[in-house]
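Visitor: Next up is a structure, given as structure tokens.
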Amino acid sequence: MKNLIVRALTGAVYVVLLAGCTLYGPVSAYLFFSIVAMATLWEFSTLMNRHYGAALIPYLNSFAGILLTSAVWLWLVGGNGTGQAFALYGMLMLYMLVSELYRKAADPLKNWALVFASQIYVALPFALLPLMSVGYDENGRIVYESIYPMALFLFIWINDTGAYLFGCSLSRYFTAKLFPRISPKKSWVGSIGGGLLTVAASVAISYFFPGMLTLPKWIGFALVVVVFGTWGDLTESLMKRHLGIKDSGNILPGHGGMLDRFDSAIMAIPAAVVYLYFISLF
């Protein structure tokens, strides 16, 4: 019971912070997701050092993620310092490569691979997030639309909740497993149930925000998040299974680590950005 209360309180604080910062404006959204990217990269680096025999430098890897996120946000809002941020990011990545010549690490190739993997797997998705929300009107003025990132996270939450509820209640009758080698508890009936619930949510959103996307496009958005969010969840499960751990960390009481909380978003964000760009062409 105590663990359930802790989990509920942590989840409530997380939702309030994410929703509040995203809805308030672009600056608060940038600050929130930069901190998330930094903390997630730190967690990834320490995980690889502790359980995979790597020798990454967590604070440098985390700072690189902040630079990449900052550079993309500055580029979108036309702010000063965009070129400098990208240049600093490139120099830091180069330093982390060249430094292996002098660190005498046991496996420098592993360190190189994991540095680039962490930037692609963690930093890049959070850097791409503003592409969903920041744009320009016909007069060239910056427009911030919080509905798209909020819808993405709402779809993820509904899909996860629906998959859990449908899986718990119906998996005894429909026993087919989604990916038993990686996540034995996930079932097809749970995944389908979560997807249907998410599509229903997209229909409701299209009713309240009719001027944003058409109903078919909202449904497409929901399905993209369901598919790629599920793959993101399974990808992190594969990583944890390979490392022999249950949770990626303990920074979020009752929920585990940052990767545990943002695993679905890490794959859903790039896919959603590509989807929204593609449908904007028609």
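Read-outs: derived from the displayed coordinates by stated rules, not from any lab. Keep in mind the model is a prediction, meaning the values are calculated, not measured. In this analysis, Cβ positions are derived from the backbone assuming ideal geometry, glycine residues included, and neighbour counts consider all displayed protein chains.
Visitor: In whole angstrom, how far apart do the alpha carbon centroids of region 4-45 and region 72-107 sit?
Guide: 24 Å
Visitor: Where a Cα-Cα gap under 12 Å defines reach, which aspartates and glutamates qualify for Lys246, not counting those fewer than 8 residues away within the same chain?
Guide: Within the straight-line limit of under 12 Å, Lys246 reaches these aspartates and glutamates: Glu236, Asp260.
Visitor: Something else: Normalised by the residues of region 146-282, what does the relative contact order come to in percent, with Cα pairs under 8 Å and at least six apart?
Guide: 23 percent
Visitor: Taking only C-alpha pairs under 8 Å that are 6+ residues apart, what is the relative contact order of the chain in percent? Could the numbers behind the result be given before it?
Guide: On the way: 367 pairs, mean separation 53.3, N = 282.
So the answer I get is 19 percent.
Visitor: If you bin the C-alpha pair distances of region 69-211 every 5 Å from 0, what whole percents do you get?
Guide: Result, from short to long distances: 2, 8, 11, 12, 11, 12, 12, 11, 10, 7, 3, 1 percent.
Visitor: Exposed loop trypsin sites (Lys or Arg not before Pro) only (DSSP loop, at most 11 other Cβ atoms within 10 Å): please give the longest stretch of the chain free of them, not including the sites.
Guide: 1-103
Visitor: Let me ask another. Compute the separation of the alpha-carbon centres of region 207-260 and region 126-164 and state it in Å as a whole number.
Guide: That distance is 14 Å.
Visitor: Taking only C-alpha pairs under 8 Å that are 6+ residues apart, what is the relative contact order of region 26-145 in percent?
Guide: After rounding, I find 30 percent.
Visitor: Separate question: Just grab the label-to-label distance for Asn3 and Ser28, each label 7 Å out from Cα along the Cβ direction, in nm (one decimal).
Guide: 3.4 nm
Visitor: From zero outward in steps of 5 Å, how is the percent of C-alpha pairs of region 26-145 spread across the bins?
Guide: Final binned percentages: 2, 12, 20, 21, 16, 11, 8, 5, 3, 1, 0, 0.
Visitor: Using a cut-off of 22 Å between alpha-carbon atoms, which lysines can reach Lys110, once sequence neighbours fewer than 8 places away in the same chain are excluded?
Guide: Lys240
Visitor: What FRET efficiency comes out for Ile120 versus Asn250 if R0 is 35 angstrom and r is the Cβ-Cβ distance? Round to the nearest 0.05.
Guide: Details: r = 25 Å, r/R0 = 0.72.
Plugging the Cβ-Cβ distance into 1/(1 + (r/R0)^6) gives 0.85.
Visitor: Given 0.36 nm per residue, what is the gain on full extension from Val15 to Leu196 after removing their alpha carbon distance, in nm?
Guide: Values: separation 181, 0.36 × 181 = 65.16 nm, distance 2.24 nm.
Gain on extension, Val15 to Leu196, equals 62.9 nm.
Visitor: Using +1 at the C-beta of Lys and Arg and -1 at the C-beta of Asp and Glu, which of Pro26, Gly53, Met93 has the Cα lying farthest in the positive direction of the dipole of region 1-151?
Guide: Selected residue: Gly53.
Visitor: Report, please, the projected area of region 146-282 averaged over directions, based on the convex hull of its C-alpha atoms, in nm².
Guide: 9.1 nm²
Visitor: Simple spin-label model, 7 Å along Cα-to-Cβ: His51 to Leu94 in nm?
Guide: About 3.5 nm separates the two model spin labels.
Visitor: Per residue, how big is the convex hull of region 19-85 when only Cα atoms are used? Give it in Å³. Show your work: numbers first, answer last.
Guide: Details: hull volume 5.5 nm³, N = 67.
So the per-residue Cα hull volume is 82 Å³.
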